[in-house]
Amino acid sequence: MRTEDELAGALRVAAERAPDEGDLLAGVATLRRRRTRRRIRMLAAATAVVVLGMGVRSVVLPGGGEVEVATTPSPTAALGMNAVPVDRLWPTAVLTVPATNADGMRYQPITGISATEVLLLAASVEEGTRIELYDAATKRARVVAEVPMKPTDVPPTVTADGENVAWMSYGRKNGVSVRRIWTAPLSGGKARLVTTISGPRADIDSLAINGDRIFWSERRGDVWGVPLSGGASERIPAGRGLRLLRWPWASDAPAGPDDSVRSQSKIVDLASGYTIEVVAPPGTRGLRCGPFWCLGHDETGSFLQRIDGSSMRRLDDRGSWGRLAMAPVFNRFAVSDDGIYDIATGRVAATEGRWTALSAGQPTIVYWEGGRDTLRVLNLAAVPSAQ
């Protein structure tokens, strides 16, 4: 096991070698979870502007992306679960978005693009489906791209970086599953078909865009990529048998959140091939890790730990921190339907409203009904750094 300084050095080298490798996340998910007290929608997607705090500091790359570099977090005294309303705890990271656009199309938030901008999926039977960008500062929305699909089709999986948006549509032809991957510039433009995948390889669970390439992983394992300009897709050698967590990281366990009790045993940097082994305590179930922090549970409850098994922190299980297996977001946030726990500060942010979980892969935003035909969106990437 490498020390954090050695790992940080390896990641810096990887950043210099591949300056466009951003911290990209998987696309909109399909797993539904009902909660009796409240619903939350957590959508996985890529984030163009990332503000990382505890445990990692962001290295801004020339291509506009970031990689995570380990630092040593300030020690947390106690894991008190006294939640603070998210508007009070992180007011600059919470935005108000209309629930519908001017044409009456219902909005579904996808990801935060900046501190004030949110990418939205707009859909209605009459108007079809399109991707829009809403700026909470100006209270204006603009169309990014029309999404070619039937009103009865399954909503697309969407991901974005700072320059482009990509999405995957679902369909069948002659009884065979078909997935089509499309792209358009984030500044606005016509949708362009990148590639079509059919048969067994069409069972895709994660999607990411990074610079001039689009990546995805099959549910059975294996990570693939294709140039943004189109052409033949290719299997990523270091990603054989793995599931994409967020570029460039992949895991040998489902990205989640899911009900699997299987624990992750490694995480791989697909850009360099470097593998980090996960140290799981005996009796651990559903352990999920990013490059530095893991979230899991055992017979006594849920806990956080470093990937090498050190710095274990028990969570108050009056909530549901261990119900769904999912790695901490940005190596900082443990997300559950009872709140968002900040590893950096030991604080818990609580939202209001009824919750529904829709995500697979790591969510970077959380949203809920705000009243008066609005949605409230928490952009985890915009939470201030804990200094």
TODO: Could you work out how far apart the two model spin labels at N82 and R372 are, taking each label as a point 7 Å from the Cα in the direction of the beta carbon, and quote it in nm?
DONE: 3.1 nm
Task: Heavy-atom accessible area per residue - the stretch 183-296, 1.4 Å, Å² - done: 35 Å²
Open item on the list: Just to confirm the filter: which GluC sites (Glu not before Pro) across the stretch 81-130 are DSSP coil and have at most 12 other Cβ within 10 angstrom of their Cβ?
Closed with: E126
TODO: Under 27 Å Cα to Cα from K266, which lysines show up? Leave out anything in the same chain fewer than 8 places away.
DONE: none
TODO: With a ≥ b ≥ c taken as the square roots of the eigenvalues of the C-alpha gyration tensor of the stretch 134-179, please select rounded if a/c is under 1.5 and otherwise prolate if a/b is larger than b/c or oblate if it is not?
DONE: prolate
TODO: Could I have the simple spin-label model distance between T300 and R192, label points 7 Å from Cα toward Cβ, reported in nm to one decimal?
DONE: 5.6 nm
Task: Qualifying lysines (Cα of each under 21 Å from Cα of K173; at least 8 residues distant if same chain) - done: K150
Open item on the list: Probe radius 1.4 Å, ligands and nucleic acids ignored: give me the carbon and sulfur share of the accessible area of the stretch 97-146 as a rounded percent.
Closed with: 49 percent
- [ ] Count neighbours as other Cβ atoms within 10 Å of each site's Cβ, and list the trypsin sites (Lys or Arg not before Pro) in the stretch 196-255 that are DSSP loop with at most 16 such neighbours.
- [x] R219, R220, R240
Open item on the list: Using amide H atoms built in the peptide plane, which far-off residues or other-chain residues are under 5 Å from L315 H to H?
Closed with: S302, F303, L304
Open item on the list: I'd like the trypsin sites (Lys or Arg not before Pro) in the stretch 88-169 restricted to DSSP loop residues with at most 15 other Cβ atoms within 10 Å, sorted by number.
Closed with: K139
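The values are calculated or read from the model by the stated rules, or taken from the named source; none is laboratory data. Here the structure is a predicted model, which is why all the values come from computation and not from measurement. Neighbour counts run over all protein chains shown; Cβ positions are idealised from the backbone, glycine included. Side chains are part of the model used for accessible areas, which takes the heavy atoms of the whole protein and leaves out ligands, DNA and RNA. Shrake-Rupley method; radii C 1.70, N 1.55, O 1.52, S 1.80 Å.
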